[in-house]
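Undergrad: Sharing a structure, written as structure tokens. Questions coming.
Coordinate-derived values only; no laboratory data. What you see is a predicted model, and the numbers here were worked out from it, not measured in a lab. Note that each Cβ is placed from the backbone with ideal geometry, even for glycine, and that neighbours are counted across all protein chains shown.
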Amino acid sequence: MKILGIGSHPDDLEFGCGGTFAKFSKAGHQIHMLIVTSGEIGGEPAVRRREQERSARILKAKTYWGGFRDTDIPLTRELIQMLERHIRDIKPNLIFTHHFDDTHQDHRKVSQATTTAARHVRNVLYFEVPSTLNFNPSVYVDIGTFLPRKLAVLKAHRSQVFQTKVPDLTILESAKSTAVFRGYQDRVKYAEAFVPMRLSLDFAA
Ligand SMILES: [Zn+2]
């Protein structure tokens, strides 16, 4: 199966579905990660791109860059067509992207543009990050033994680990707590949770 993650900034995908990617990669599925900006507002773009490539190596994933400006992603035909080009080339069976309700404008716009660009894709799931609002998931992935791998791909984004804007809270602690909370909802220890745009139960997971 081919899986495409579409994130606004380096490390969004790792928080939202890094454990799922690690699990699916280990099972032999192809992981593709499209990052719409280089995250230059949150750090040096060259550093952030290197961190993203390091994470992709851990996940055996292929990385693609959208070339848009951090905090300034426009909800335009240009953005939708860029996403459509990647979807046409990669032909993913399953897409993960941001939830449409989020305090970050880039997350909202990438979610909305993906909803349009992925209109012919049979499986599209929205993930959560710390800025997500009104998230009521109904699809879960047990990431049990893959939590260390999820934390490793978040650690690959070394410049971001302490950028939670909450004193003494690291992104690693936040990710682990989220996994425990979503895991308990799913009756397992650690899980990632998703809101479906569309999920077809006959895909070969
Ligand atoms: Zn982001």
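Undergrad: Rounded to whole Å and sorted largest first, what semi-axes of the equivalent ellipsoid does the C-alpha gyration tensor of the range 2-196 yield via the square root of 5 times each eigenvalue?
TA: Each semi-axis is the square root of five times an eigenvalue, giving 22, 19, 17 Å.
Undergrad: What whole-number distance in Å separates the alpha-carbon centres of the range 39-54 and the range 110-132?
TA: 23
Undergrad: Go through the range 126-138 residue by residue and turn each phi into a ³J(HN,Hα) via Karplus (6.51, -1.76, 1.60, θ = phi - 60°); whole Hz please, and just put x for glycine and proline.
TA: Computed from phi, the couplings for the range 126-138 are 9, 9, 10, 10, x, 8, 5, 10, 6, 9, 10, x, 9 Hz.
Undergrad: Can you list the residues, at least 5 places off or on another chain, whose amide H is less than 5 Å from the amide H of V139, using H built in the peptide plane?
TA: Answer set, sorted by chain and number: F194.
Undergrad: If amide H atoms are built 1.01 Å from N in the plane of the peptide, which residues on other chains or at least 5 residues away come under 5 Å of the amide H of G66?
TA: I35, V36, T37
Undergrad: What per residue convex hull volume, in Å³, comes out for the range 140-184 when only alpha-carbon positions are used?
TA: So the per-residue Cα hull volume is 72 Å³.
Undergrad: Only bridges whose two residues both fall in the chain count here: according to DSSP, what percent of them are antiparallel, nearest 5?
TA: Working: 8 of 28 bridges.
Of all bridge pairs located within the chain, approximately 30 percent are antiparallel.
Undergrad: Let me ask something else. Where a Cα-Cα gap under 21 Å defines reach, which lysines qualify for K23, not counting those fewer than 8 residues away within the same chain?
TA: By straight Cα distance, K23 reaches K2, K60, K62, K91, K150, K155, K176, K189.
Undergrad: Give the Cα extents of the range 58-97 along the principal axes, in whole Å, largest first.
TA: Dimensions of the range 58-97 along the principal axes of its Cα atoms: 29, 23, 15 Å.
Undergrad: I've got another one for you. From the gyration tensor of the Cα coordinates in the range 92-134, what semi-axes in whole Å does the equivalent ellipsoid have, largest first, with each one equal to sqrt(5λ)?
TA: Semi-axes, largest first: 19, 10, 6 Å.
Undergrad: Still on this structure, please answer the following. Along the charge dipole of the chain, pointing to its positive end and built from +1/-1 on Cβ of Lys, Arg, Asp and Glu, which listed residue (M1, Q112, L34) has its Cα farthest out?
TA: The one lying farthest along the dipole's positive direction is M1.
Undergrad: If you don't mind, there's one more thing I want to ask. Would you mind computing, in nm to one decimal, how far apart the modelled labels at S131 and L199 are, each placed 7 Å from Cα along Cα→Cβ?
TA: Reported label-point gap for S131 and L199 is 2.6 nm.
Undergrad: Any chance you could get the radius of gyration and Dmax over the Cα atoms of the range 107-184, in Å?
TA: Calculated on Cα positions, Rg and Dmax stand at 14.5, 43 Å.
Undergrad: Along the charge dipole of the chain, Cβ charges K/R +1 and D/E -1, which of F162, N136, A46 sits furthest on the positive end?
TA: My answer, from the dipole projection, is A46.
Undergrad: Sort 96-109, 154-167 by the packing proxy (mean of other Cβ within 10 Å over each peptide's residues), most packed first.
TA: Highest mean packing first, the order is 96-109, 154-167.
Undergrad: Would you compute, from DSSP H runs of 4+ residues alone, the mean residue ellipticity of the chain at 222 nm, taking -39500 (n - 2.57) per run and dividing by the full residue count, rounded to the nearest 500? Please list the in-between numbers first.
TA: On the way: 6 runs with 81 residues, N = 205.
Helix-only estimate at 222 nm: -12500 deg cm²/dmol.
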